[in-house]
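Contents: one structure, followed by commentary.
The values are calculated or read from the model by the stated rules, or taken from the named source; none is laboratory data. Everything quoted here is computed from the prediction, not taken from an experiment. Cβ placement follows ideal geometry from the backbone for every residue including glycine, while neighbour counts extend to all protein chains displayed. SASA here: full protein model, heavy atoms, side chains in, ligands and nucleic acids out. Shrake-Rupley method; radii C 1.70, N 1.55, O 1.52, S 1.80 Å.
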Amino acid sequence: MPSTYEIRPARPGDGVGVARAWQDFADYYRELAPEAFKSPRSDGLSDYLETRLLTTAPDHFVRVADHDGEAVGFVHAAFQHPHKDAAYQLSRDIAVPRVYVNALALQRRHWRGGAGTALMKATEEWARDRGAHLLTLDTFAASPISVPFYETRMGYHRHTINFTKPLLPVTS
């Protein structure tokens, strides 16, 4: 297992490796909770993800973890400005500049090899450079991989709990 990765901006051709990471991510979560997760559509997935990674807005941060010229994972985060109504809200979080991590995914063969840590550290550095006071994300509470990664390895703390309740049957 490699212990170093190049963390770099996405470039044309990264879609195949990133799609593999996204599919591994989906397979893992589907194994944990098939009632909550599904496999993404595979046809066109690499093109879809590559387009998303290559067309970022100034307030977005996208990086891939490169191993021997292959994108084996990625992170996508967004800078959020203080909310215009923050003075009337009770959460302190929305009153400060912050970054939300939309996705972090790695090919399964690269889990626990340092790529996720490197991607998150790059995201944290970008957030600090932008003046963010806080970095937030969510993950599946029952994940024996991601919860310890964020809490033990990265030093994140549980802050809120997101509840769900199905009201109608879920269709694919």
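Would you be able to say whether some residue in the stretch 30-43 is open to solvent by less than 30 Å² (accessible area, probe 1.4 Å), within 29 Å of His159 (Cβ to Cβ), in a loop (DSSP other than H, G, I, E, B) and touching a residue at least 40 places away in the same chain (Cβ under 8 Å)? Within the stretch 30-43, one or more residues are open to solvent by less than 30 Å² (accessible area, probe 1.4 Å), within 29 Å of His159 (Cβ to Cβ), in a loop (DSSP other than H, G, I, E, B) and touching a residue at least 40 places away in the same chain (Cβ under 8 Å). All conditions in (1) of a type in the set (A, V, I, L, M); (2) within 15 Å of the chain's Cα centre (by Cα); (3) assigned to a loop (DSSP other than H, G, I, E, B) hold for Leu90, with the sole exception of (2). Condition check: modelled with pLDDT of 95 or more and under 29 Å from Pro144 (Cβ atoms). Does Glu125 satisfy that? So Glu125 fits the description; yes. Mind checking which pairs have a first residue in the stretch 49-71 that is among the aromatic types (Phe, Trp, Tyr) and assigned to a loop (DSSP other than H, G, I, E, B) and a second that is surrounded by fewer than 19 Cβ atoms within 10 Å (Cβ to Cβ) and modelled with pLDDT under 95, Cβ under 7 Å, 6 or more apart or different chains? Close Cβ pairs satisfying both conditions: none exist. For the condition under 24 Å from Phe140 (Cβ atoms) and under 16 Å from the mean Cα position of the chain (by Cα), Tyr28 qualifies.
State all residues of the stretch 109-143 that are touching a helix residue (DSSP H, G or I) at 6+ places or on another chain (Cβ under 9 Å), free of Cβ contacts under 8 Å to residues at least 40 places away in the same chain and part of a loop (DSSP other than H, G, I, E, B); if no residue qualifies, say none. Trp111, His133, Thr139, Ala141 - these are the residues of the stretch 109-143 that are touching a helix residue (DSSP H, G or I) at 6+ places or on another chain (Cβ under 9 Å), free of Cβ contacts under 8 Å to residues at least 40 places away in the same chain and part of a loop (DSSP other than H, G, I, E, B). Of Asp24, Asp68, Asp47, Asp85, all but one fail to be charged (D, E, K, R) and either open to solvent by less than 40 Å² (accessible area, probe 1.4 Å) or at pLDDT 95 or above (or both); the exception is Asp24. Taken over the stretch 96-113, the criterion of being open to solvent by less than 20 Å² (accessible area, probe 1.4 Å) and farther than 15 Å from Thr139 by Cβ is satisfied by Val99, Gln107, His110, Gly113.
Just one of the listed residues (Asp138, Asp129, Asp93) is of a type in the set (D, E, K, R) and open to solvent by less than 50 Å² (accessible area, probe 1.4 Å), and it is Asp93. When you check Ala21 against the structure, is it among the aliphatic types (A, V, I, L, M), part of a helix (DSSP H, G or I) and closer than 25 Å to Pro144 by Cα, yes or no? In short, yes.
When His76 is tested against (1) within 15 Å of the chain's Cα centre (by Cα); (2) not in a strand (DSSP E or B), just one condition goes unmet, and that condition is (2).
Does any residue of the stretch 154-167 turn out to be part of a loop (DSSP other than H, G, I, E, B), open to solvent by less than 50 Å² (accessible area, probe 1.4 Å) and either aromatic (Phe, Trp, Tyr) or farther than 25 Å from Gly17 by Cβ (or both)?
yes
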